[in-house]
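The structure appears below as C-alpha cells.
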Amino acid sequence: MDFQPFIPGLKPADPGPLSRFLPALEEGVISVWLSLQALPIDTAQGKPGSWLLDPFGFSPLLVLEAARSGYRVLVTVNNPVTRFLLETFAKPPPESEFIAALADLGALKKGDERLEHHFQSLYFTICENCKQQIQAHTFLWRKGETAPYARIYECKQCGDSGERIVTDEDIERAKKIASTDALHRSRAFERVVSLKDDDRFYAEEAIQHYLPRPLYVLTTIINRLDGLNLSPERKRALTALTLVACDAGNTLWAHPSERPRPKQLSTPGQFREHNVWMMLERGLSLWTGTGSTVPCEAWPKKIPESGGICIYEGRLKDLAHEVKKEIPIAAVICSVPRPNQAFWTLSALWAGWLWGQEAVEPYKNALRRRRYDWAWNATALHGTFNHLNKLLADGVPMFGLIAEPEPAFMTSAITAAQAAGFKLESVALRTEHDPVQVTWKSAQKIKAGNTNVETVRKAMREYLSARGEPAGYLHIHCAGLIVCEEANALKQPEHEFDEALRKTQSLFESALKDGKEFVHYSTGENVDTGMWGLDPSTAPPLREAHGSAHSIPAIFREDENNESLTDRVEVAIVTFLFLQKQNEAVYLEIETDLYPRFPGLLTPSKGMIYAVLNSYARKDGARWKLREEDLALARRAEMKNIFGTLETLGKRLNYQSQKIDEELMWKENNKTVRKFHVLASALVSRALENADEQTVIIIPGGRAALAAYKQERDPSLKARLKKYPLVKYRLLRNLLEVQMLTRETFEEQIASDPVEASTRQMMMF
C-alpha cells in the first residue's frame, strides 16, 4: 500500500449552525486533495470543471469547498434538514434579510405585547446583586424535575454574572408555562404526523425532549411563519434562524458540557435550557458568516461549467442509471456517515415543524428506529457503495473523511467498501480526535481471500516497530484492518455484516492478547483501552510469513536507526526551522513539510508538534521562530560550558574528569563513579542506549517539558528513565554557587529536579 501524507487543514473560526451534529472537518483538506488529483477545472481554456459526486451529503461544508474550488458537485441528500443547510450555505440571504426577518418576527403582536418582548419576559429573572429584572441566558435542570435548579445570567446593570440558584419567581414562571403545555405539544405533534398516523407514538416520544417553555416559543414562531407575508428570501432567512432555535430548544445540552456531540436522543442527568430568543439573535452571526455564494440547483437543472452544486433529493440507487448515462464522474468525495439517532430523529421533527408533514414522509424511518449498531451501519454503507461502484468507471478515486473515528467505525466503513468492490489505496490517521483520510479506487468485484492471526500479529508488530514507541489501540486496529483488506479477508460472501465484524474483532483480540511480544499499558483488560507496545525482551525478529499466498509487503515505513516517532519528529521540525530564512515559519508550513515525512499511520499529532515548537521556538504573531539560545552556535557554546561546569564540580568533589564525545565521566582510582550524558535536545532515548547505573542525563531547561511529554505518551520510556536522573543545565549552574557542596548533597540535588517541574525548585540546604 502506498501511504499518502495526511493533509492538514484549518479549523473553521465558527463551525456554523447545527455543528454539534455535523462532522467536524478542517477547511482546506478537500481542495488540497483535489489539486493533487490534477482534475481539469481550467474553464478559461474551454475545459469544464470536472464532475464530483458526494453519495452521502453528510457534510455541507465539504461539498461547498469542492464547488468553490471550481468543480461541479453532484450530491445526493435524503435528509431535508441537511439539504436546507447545503442550499442556504451555498446561497445565503444577505445579512440585511436576516436582520429584517428577525425584526419582522419580533414586531408581531401577542395580545397587546410585541412578540419579542413577550418571549424575553419568559426568561426574566432577578439579578442577585442589584435586584434588577434581567433576562437569564440559561436555566439549569435536573432530569425528571419540574422546575430548574439554577440560572446563568450576565447583568448589564451591575456586571454580576455566572451561575446562581433559582428564585421562587423563576420556579413559578416555569410552572405557569407548563400548565398550558398540552396544547402546544399537541400542535407540535400534528406538524409532524397526523392524529391517525401509526408513527404518532414515535413523534410524541421525540418531542418529550423539549421542555414546555422552549416548545411554547417554537410552536408560536412556527405558527406565525405560515401567516407572515414575507418575500421568499426573507422567509428563507427566518426559517434558517428558526432552525437554530429548534436545536437550541431541546434537552440534549448537557451541563457541564461532557457530551458536546450527542449521538443518542437521551436527556442527560443535568442539562441546559437556553433562552430561545437569545439563540435566535445568535443565529444571525452563525448564518451570515458562511462565505461566498455558490451556484446551487436541484437535479436535473444545469449548473455552470465553472463549478457549482447539483442536489438530488433522494437515494443514490434512484439516480445511478441517469448519472452513468449523462455525467462522467471524475472522483468521489464524501464524509462517511456514522449513526446518529439524535440528529436523524430531530431532523424528522424539524422538517415537519418547518415544512409540514409532506417533508417528513420520505424520512419517517428516522422517527421509528431507536438503535443503530455497527452491523446496521456497515449494511447501509455497503448499499450505497455498491450502487456507487456500479455507476463509476474502474479506477475512479474516492476520498473519504471518517470523522470521530473509533475502531468499530473504521471496521464498518472499510469492510463495507471492500465488499462493494472498492480497493483501499491509502489510510492517513493522525489521532482519534481527527478525521481519518481514506482513499479508495473503484474496481470490479473483489474475490474474497483469507488471513490468519499470525499475519495480523505480524502487521501489528511491524507497525509498532516502525513507530518505535507504543501506540493507542485505534492505530493498532487500523494496522490490522489494512493487512486484512490487502488480503481481501474482511468479509466472506456467506457471512452477514454482523458476523464479519465480530470475526474481525475476535481476530485482532487474539493477535494482541495471545502475542507474547506485546505489552498492554492499561488499567483495563479490554484491548481498546490504554496503549500497546513491543516488549524488546520477547518480541521475535521481523520475518516474512512462510507458506502464505498473501505474504505481507513492507506496508509500514521502517527506520534504520529505530528511533521513536517522537524523536524523529523533533529532529525533523528543528531541522526544518534551521533551514528556513531567519529560522522561522508559520505552523501550516511546518505541518506541510512534516506530514510527507511521516505518512499513513505515523502522522504526528498537533500536540506532538506543539510540544516540540514550545521547546525550541517562540511564537511571534503567526510565525514560530527558533530561540536565539537554540541556534547551533549558541547551543554548542552552552554545551561546552556545561562540560566545563561538570569538570569544575568534579574537581570540587575530588573526582578526575574524562570527556568522550557527548559524555563526561567522573572517576576515582581509575573507576567511573558517574557518567554524564549531555544533550542539547530532548532525544533522551539516545542517552539510554549505553546507559548504566552511573549514568546521569543532562538536558537544557527548555527541553524539560518536551521530555516530560515524551514520558507521558510513552509508558515504556517513562519506566526506563526512572532508573536514571534527568537533570537540567540550570541545576548544575546553581550547584556552582553552593559553597559547602559535598558528594552527598550533590546526589540529593540531582534527584530533586524532576523534568515535570516548570518552576525553579528551592535548594534543599
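Bear in mind that the values in this text are calculations on the coordinates, not laboratory data. None of the values given here were measured: they were computed from a predicted structure. So basically every Cβ, Gly included, is an ideal-geometry build from the backbone, and we count neighbours across all protein chains shown.
The protection proxy used here, the mean number of other Cβ atoms lying within 10 Å of each residue, ranks peptides 226-233, 275-282 as follows, highest first: 275-282, 226-233. Across the cross-link table entries LYS667/LYS723; LYS143/LYS235; LYS675/LYS728; LYS302/LYS325; LYS667/LYS722; LYS110/LYS176, which are compared at the Cα atoms, the separations over 27 Å belong to LYS143/LYS235.
The ALA393 and GLU689 beta-carbon pair, evaluated with R₀ = 56 Å, returns a calculated FRET efficiency of approximately 0.55. Among 79-86, 628-635, 364-371, the peptide with the highest mean count of other Cβ atoms within 10 Å heads the list, and the full ranking is 79-86, 364-371, 628-635. Taking a straight line from the alpha carbon of LYS447, these lysines sit under 17 Å away, with near neighbours fewer than eight places off in the same chain left out: LYS390, LYS423, LYS491. In this rough spin-label picture, where each label sits 7 Å from Cα along the Cβ direction, the LYS196-GLU712 distance is 6.4 nm.
Spatially, the stretch 326-387 and the stretch 664-718 are offset by 56 Å when compared through their Cα centroids.
Taking the longest Cα principal axis of the chain as reference, the axis of helix 80-90 is set at about 70 degrees. Of the residues CYS310, CYS246, the one with the fewest other Cβ atoms within 10 Å heads the list, and the complete ranking is CYS310, CYS246.
Cross-link partners of LYS196 among lysines, defined as those whose alpha carbon lies under 27 angstrom from its own and excluding same-chain residues fewer than eight positions apart: LYS364.
In deg cm²/dmol and to the nearest 500, what is the mean residue ellipticity at 222 nm of the chain if only DSSP H runs of at least 4 residues count, each as -39500 (n - 2.57), divided by the residue total? My calculation for the chain gives -13000 deg cm²/dmol from helical runs alone.
Selection among TRP253, ALA101, SER285 by position relative to the dipole of the stretch 95-286 gives TRP253 as farthest towards the positive end (Cβ unit charges, Cα centre). Fully extending the segment from GLU204 to GLN270, taken as 0.36 nm per residue of separation minus the present Cα-Cα distance, adds 21.6 nm. Cα centroid separation, the stretch 593-624 to the stretch 98-145: 47 Å. Rounded to the nearest 0.05, what FRET efficiency do GLN582 and TYR610 have when you use their Cβ-Cβ distance and R0 = 22 Å? Efficiency, rounded to the nearest 0.05: 0.60.
For the stretch 503-517, putting each phi into the Karplus relation 6.51 cos²θ - 1.76 cosθ + 1.60 with θ = phi - 60° gives couplings of 5, 5, 5, 5, 4, 5, 5, 5, 4, 7, 5, 8, x, 5, 7 Hz, in residue order, rounded to whole numbers and with x for Gly and Pro. Find how many whole Å separate the alpha carbon centroid of the stretch 464-518 from the alpha carbon centroid of the stretch 228-264. Computed from Cα coordinates, the inter-centre distance equals 41 Å. Here the extension length gained between THR379 and LYS156 equals 74.8 nm, from 0.36 nm per residue of separation less the Cα-Cα distance. Each label was represented as a point 7 Å from its Cα along the Cα-to-Cβ direction; for GLU233 and THR146 these points are 5.0 nm apart. Ordered by the count of other Cβ atoms within 10 Å of each Cβ, fewest first, VAL360, VAL63 give VAL360, VAL63. Our summary gives the stretch 565-626 a relative contact order of 45 percent, counting only alpha carbon pairs under 8 angstrom and 6 or more residues apart.
Among the listed values (1) 30.0; (2) 28.1; (3) 28.8, the one matching Kirkwood radius over Cα pairs in Å as calculated from this structure is (1). Annotation: lysines with alpha-carbon distance below 18 angstrom to LYS516 (same-chain offsets under eight excluded): LYS458. Computed from the C-beta positions of ASP14 and SER35, the FRET efficiency with R₀ = 25 Å rounds to 0.45.
Cβ distances below 4.7 Å define possible disulfide partners, and in the chain the cysteines left without one are CYS246, CYS296, CYS310, CYS334, CYS478, CYS484.
Among 200-206, 212-218, the peptide with the highest mean count of other Cβ atoms within 10 Å heads the list, and the full ranking is 212-218, 200-206.
Placing a pseudo-label 7 Å from each Cα along the Cα-to-Cβ vector at ARG261 and SER537 gives an inter-label distance of 4.0 nm.
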